[in-house]
1. Which residue is nearest to Pro146 (Cα to Cα), if the candidates are limited to the range 214-236 and must be outside any loop (DSSP other than H, G, I, E, B) and of a type in the set (Lys, Arg)?
2. What's the total number of residues in the range 258-297 that are on the phi < 0 side of the Ramachandran plot, within 24 Å of the chain's Cα centre (by Cα) and either at pLDDT 90 or above or not basic (Lys, Arg) (or both)?
3. With the condition kept exactly as written, say whether any residue in the range 217-230 is under 22 Å from Gln160 (Cα atoms), surrounded by 15 or more Cβ atoms within 10 Å (Cβ to Cβ) and out of contact with any His (no Cβ under 8 Å at 6 or more places or on another chain).
4. Name the single residue that is surrounded by the fewest Cβ atoms within 10 Å (Cβ to Cβ) among those in the range 237-280 being part of a loop (DSSP other than H, G, I, E, B) and in contact (Cβ under 8 Å) with a residue 40 or more places away in the chain.
5. Starting from residues that are of a type in the set (A, V, I, L, M, F, W, C) and either part of a loop (DSSP other than H, G, I, E, B) or at pLDDT 95 or above (or both), keep the ones in the range 57-92 and report whichever is surrounded by the fewest Cβ atoms within 10 Å (Cβ to Cβ).
6. Taking Leu34 as meeting all but one of (1) touching a helix residue (DSSP H, G or I) at 6+ places or on another chain (Cβ under 9 Å); (2) closer than 30 Å to Lys167 by Cα; (3) assigned to a strand (DSSP E or B), write down the number of the exception.
7. Can we say Pro71 is closer than 24 Å to Leu41 by Cα, free of Cβ contacts under 8 Å to residues at least 12 places away in the same chain and under 19 Å from the mean Cα position of the chain (by Cα)?
Amino acid sequence: MRTLVTICILVVFLATTPGLATPPPYEDEDILGLELSGELLAPAALVAQIAQDLTAIRAAYPAVADIHVFPSWLPGVIVLGLSDEAWEDYEAGDFTEFNVLNEEYGPVTVNPLNHNNLYLEFEALYHPMVLAPIYEQVEGILYAGPTAIGGDGSDIFTTQLGLYTFKEGWGDCPSGCMFNHYWEFSVNGGIVDLIDEYGDFVGAVGDSPLGLAVPLDQNIPNPFNPVTMIRYRTDKPGQVRLVIHDVAGRVIRELENGYVLPGNHTVKWDATDDRGLPVASGIYFYKLVADGVVHSRKMVLTR
């Protein structure tokens with residue numbers, strides 16, 4: 001049985017295991033192009049336009065010049081889990097079922113790991129969330145998925161070409177980040193406009209203000225199918241809003257919007273939208289707005 005628990009453990013293992021092949025180089029525009037297009041390879045024209053927009057923003061606003069994209073996965077890298085029989089064949093040099101795909105999507109470097117796992121590093125910067133399901137159909141491959149990396153907590157994202165949000169933050173991003181300052185920009189014809197700026201600037205990236213507790217926990221389980229629990233804490237009574245949105249920034253579901261008392265709070269999400277319809281597998285974000293501060297974390301739904 002394919003289990004996302006296995007994949008999740010594997011992702012953590014890969015993110016902390018030394019000696020793996022060096023990931024292919026990537027730039028902010030490569031990641032944003034993949035996320036924005038959702039395609040196996042981002043269109044070159046899209047990547048070039050994003051690069052031009054980011055250059056314009058950084059030139060106009062030096063405060064965000066050192067903020068870069070924090071991807072939750074490595075582009076052009078996937079991990080395969082083989083059955084015991086397939087692993088034995090691989091060690092004997094007889095596992096050839098995925099050679100056709102390797103030739104189609106290669107050049108690719110295949111590195112064996114322990115626990116029946118293979119680490120595939122492609123020359124092209126493929127979107128791993130699109131590439132992995134293709135490999136998962138091969139007989140003998142039990143699961144396929146992306147692998148995570150670590151970073152300083154800051155991030156850039158876009159919901160459409162010409163709109164960019166820069167976030168300065170701190171925290172262990174593979175398990176979730178807190179962000180203390182946001183800049184929202186629009187770029188049209190090379191002209192940069194600061195649409196909005198909010199949050200409390202507290203110093204260098206990586207510095208968490210003393211005494212500030214992380215109010216938003218990682219959802220459990222994660223990855224999940226189809227129900228997960230989201231926990232958060234409030235130190236004082238007040239208005240909170242908790243929403244789910246997709247990678248394009250569209251609000252999928254509003255889970256809470258109202259006045260809460262101090263204490264621990266738990267909210268269930270059953271992977272449906274505001275109309276009660278099931279949403280598709282993929283990466284989602286849940287965002288908590290409380291006391292004028294925004295906190296956000298990623299989660300993965302698989303069906």
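1. Looking at residues that are outside any loop (DSSP other than H, G, I, E, B) and of a type in the set (Lys, Arg), I get Arg231.
2. The number of residues fulfilling the criteria is 24.
3. No, the range 217-230 contains no residue that is under 22 Å from Gln160 (Cα atoms), surrounded by 15 or more Cβ atoms within 10 Å (Cβ to Cβ) and out of contact with any His (no Cβ under 8 Å at 6 or more places or on another chain).
4. Only one residue fits best here, namely Arg250.
5. Here the residue is Ala92.
6. (3)
7. no
The values are calculated or read from the model by the stated rules, or taken from the named source; none is laboratory data. Nothing here was measured: the structure is a model prediction, and the numbers come from that model. Reconstructed Cβ throughout: ideal geometry from the backbone, glycine too, with neighbour counts over all protein chains shown.
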